[in-house]
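A short worksheet on the structure shown next.
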Amino acid sequence: MCGIAGSISWHESTRHYLQRIDFAVSALQRRGPDGSGIYSSPNIVLGHRRLAIFDTSEAAAQPFYSSCGRYVIVFNGEIFNFRELREELYAGGIPFRSNGDTEVLLELYKQFGADCLPKLNGFFAFAIADLQEQSLFIARDRFGEKPLLVYEADGVVCFASALNALLEFKIPRLLNAEALQAYLHLSYIPPRLSVLQNVKPLEPGSWLQISASGHITRKQWFSSSPSVLQPPTFEESATLLEQKLTAAVARRLAADVPLGAFLSGGIDSSVVAALGAKLSPGLRTFSIGFPDTPLFDETQYAQRVAAHIGTQHKVFPVTQTDLAAALHDTLAAMDEPFADTSALAVNILSRHVRSEVTVALSGDGADELLGGYNKHKAWLMLLQPGLKEKLVSASAPLWNMLPASRNSSIGNRVRQLRRFAEGMQLSPAARYWRWAGYTKGNEALHLLLPHLQRPEALRIGHFLPGISFQSNDAMNDMLHADIAFVLPGDMLVKVDRMSMYHSLEVRPPFLDHEVAGWLHSLPSHYKINASGQKLLLKAAFAHLLPPEIFTRRKQGFEVPVLHWLRTELHTELLDLCSNEALRRQNIFDPAHLHKLLNQLHSSAPGDAAARVWALYVFQKKYAAVFGDN
């Protein structure tokens, strides 16, 4: 696990980009505190910051050169099946100089080229320079667990694990209006975009090759689209899930540094921790508690699970004061605007856990694969509407009259009923987009000045053109969209940025491709139906955990952003959104923006707090991203 950066130039006029590699590598220090290295030539530079997990000796330091001297690699991630692959290569007569996964990956590429990628079980982003051909090959893992941003222009390609490192190449800082408009709706930037023009993440499951003359070849080597085969029975599938997830956890328990697991007390992390404890007795588990907000505190469930499975459990109490104090740190960990408020809790948890271990297992990905969110339940209700659902839709005028707010249980229920009623009137694609974000109609569009308005960025089809939401299994269509869109755009970004800011590696076994790909191919009624959610997971692991873990309601956690924006952040927010500040930026429409700010202080703020929070985060990150070149 590390941070990487690099550049290839094929025009004399772009050689100056290569001279910035030292600065790019320095910007990645928090992702890799254990060492650094640089490869430099007239046409290609590669840089690496190391977080040592496998083979912590200098023998595995990067950049790493092939035995023949033709190839050099910088690699961020882990290959969990590297030992099996190493044995195969060793049997073929290849000698090894290290005991880590980097050399195995490089030798696989040397032997198979891009065809090595399907052999890899892990998460990764890496770059390999062919010193003979003076070409560069970069690739990213199947689901986008590890980041890789790429800047393309005439004569040069630059890449890095984080935007702050990419900016050190002194690339142009031009606002991507399409990304901003989508961000104002979603609170995160879609996975195919960056806040900057000419910068895009390398798509999950894809590779890019740049020749010495600048010819660029792209290929999608993995697709998350489900290939639904004749499935085994539900009972057989439950047995298979136990076997596959156990194997995935076993692979992710390998490390040459201290390892533990997140344990919130929810189903997903509890299953992962239980399997980890079974395979590695004495496993350490960690959670955060919220003693001054009992409604959101899951400590009792986490402790109940830890006692049941026999882990050494540690709870880190987090107060409202702690959350507020973590705001600056959380914003610093974000390289692009990112307004998912749960990042605050992940940041605090990661900081505490890193003081105990270097690697942590997590339950991430299970909700997207198995239909665990409230929106999945609502989607199912709309696919099979009964009298209750029709009454909710018919009562839409009433919900629109009642005060809606996330700040109270009744107001939040009204807000949810309003969104549900709206969804019943929309096409499946429009409904998905509405439920994915916080605005409706042209609200996000109108916040921007006319020269920045991009109407095409108001629909999910623009970002996921291959999803129709009209297959024979419409519920699986929604899950597919979440895996391709929400997972790499929001959930994985949050965990990677917050954990790696504290040099903590997080491993989610549910995203082992042998688990995720197989789950994705199963019919949706194995995962969610009228009787419940995550059905297959519960059936597979009911014997492993206390029964109350499977029957209690799913708990989210609400950061008190409405209170913050009305009180301690109020003055700063007004400064950031003053007429003078808006005039200098030339981005936002003052009238519509101030109308939104006024809604924040009304008796029915609805989703205004989430929308203003996204605005606040953008303004806080604006100077760092769009400062002087």
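The values are calculated or read from the model by the stated rules, or taken from the named source; none is laboratory data. All of these numbers come straight from a predicted model, not from anything done at the bench. When we count neighbours, we look across all protein chains shown, and the Cβ atoms used for this are built from the backbone with ideal geometry, even at glycine.
Going through Ala530, Ala540 one at a time, which residue ends up being at pLDDT below 95 and either assigned by TED's automatic domain parsing to the domain that holds Pro291 or surrounded by 14 or more Cβ atoms within 10 Å (Cβ to Cβ) (or both)?
Ala530
I'd like to check something: does region 192-203 contain any residue that is assigned to a strand (DSSP E or B) and either among the acidic types (Asp, Glu) or closer than 20 Å to Leu487 by Cβ (or both)?
yes
Does Gly69 count as closer than 21 Å to Tyr39 by Cα and assigned to a loop (DSSP other than H, G, I, E, B)?
Judged against the criteria, Gly69 is a match.
Would you confirm whether any residue within region 575-584 is acidic (Asp, Glu) and under 30 Å from the mean Cα position of the chain (by Cα)?
For region 575-584, residues acidic (Asp, Glu) and under 30 Å from the mean Cα position of the chain (by Cα): absent.
Where in region 522-624 are the helices (runs of 4 or more DSSP H), entirely inside, with at least 2 residues that are closer than 30 Å to Arg173 by Cβ?
In region 522-624, 561-566, 570-576, 579-585, 590-600 are the helices (runs of 4 or more DSSP H) which contain 2 or more residues that are closer than 30 Å to Arg173 by Cβ.
Just the residues that are hydrophobic (A, V, I, L, M, F, W, C) and crowded, with 21+ Cβ neighbours inside 10 Å, please, taken from region 1-32.
Met1, Cys2, Ile4, Ala5, Ile8, Ile21, Ala24, Val25, Ala27, Leu28
Can you tell which of Ile44, Ile79 is at pLDDT 95 or above and either of a type in the set (Gly, Ala, Ser) or in contact with a Phe, Trp or Tyr (Cβ under 8 Å, 6 or more places away or on another chain) (or both)?
Ile79
Examine region 164-179 for a residue that is in contact (Cβ under 8 Å) with a residue 60 or more places away in the chain, aromatic (Phe, Trp, Tyr) and more than 30 Å from Asn586 (Cα to Cα), and state whether such a residue exists.
No: zero hits.
Of the residues in region 300-328, how many are closer than 30 Å to Leu148 by Cβ and out of contact with any helix residue (DSSP H, G or I) (no Cβ under 6 Å at 6 or more places or on another chain)?
Result for region 300-328: 2.
Go through (1) under 27 Å from Gly32 (Cα atoms); (2) over 24 Å from the mean Cα position of the chain (by Cα); (3) assigned to a helix (DSSP H, G or I) for Ala307 and report which single condition fails.
(1)
Residues checked against (1) closer than 29 Å to Ala125 by Cα; (2) buried (at least 21 other Cβ atoms within 10 Å of the Cβ); (3) of a type in the set (Gly, Ala, Ser); (4) assigned by TED's automatic domain parsing to the domain that holds Tyr438:
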position	(1), (2), (3), (4)
Ser194	yes, yes, yes, no
Gln197	yes, no, no, no
Arg252	yes, yes, no, yes
Asp256	yes, no, no, yes
Leu259	yes, yes, no, yes
Phe262	yes, yes, no, yes
Ala273	yes, yes, yes, yes
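In the list Phe96, Phe143, Phe124, which residue meets the criterion of being assigned to a loop (DSSP other than H, G, I, E, B) and either among the polar types (S, T, N, Q) or crowded, with 20+ Cβ neighbours inside 10 Å (or both)?
Phe143 is the lone residue from the list that is assigned to a loop (DSSP other than H, G, I, E, B) and either among the polar types (S, T, N, Q) or crowded, with 20+ Cβ neighbours inside 10 Å (or both).
Condition (residue is surrounded by 14 or more Cβ atoms within 10 Å (Cβ to Cβ), out of contact with any helix residue (DSSP H, G or I) (no Cβ under 7 Å at 6 or more places or on another chain) and not in a helix (DSSP H, G or I)) applied to region 106-119: is it met by at least one residue?
Checking region 106-119: not a single residue is surrounded by 14 or more Cβ atoms within 10 Å (Cβ to Cβ), out of contact with any helix residue (DSSP H, G or I) (no Cβ under 7 Å at 6 or more places or on another chain) and not in a helix (DSSP H, G or I).
Taking the condition modelled with pLDDT of 80 or more, under 29 Å from Pro191 (Cβ atoms) and under 27 Å from the mean Cα position of the chain (by Cα), does Leu426 pass?
Judged against the criteria, Leu426 is not a match.
Residues that are in the same structural domain as Leu51 (by TED's automatic domain parsing), in contact with a helix residue (DSSP H, G or I) (Cβ under 9 Å, 6 or more places away or on another chain) and buried (at least 22 other Cβ atoms within 10 Å of the Cβ): find the helices (runs of 4 or more DSSP H) completely inside region 431-518 holding 3 or more of those.
Counting at least 3 such residues, we get no helices (runs of 4 or more DSSP H) at all.
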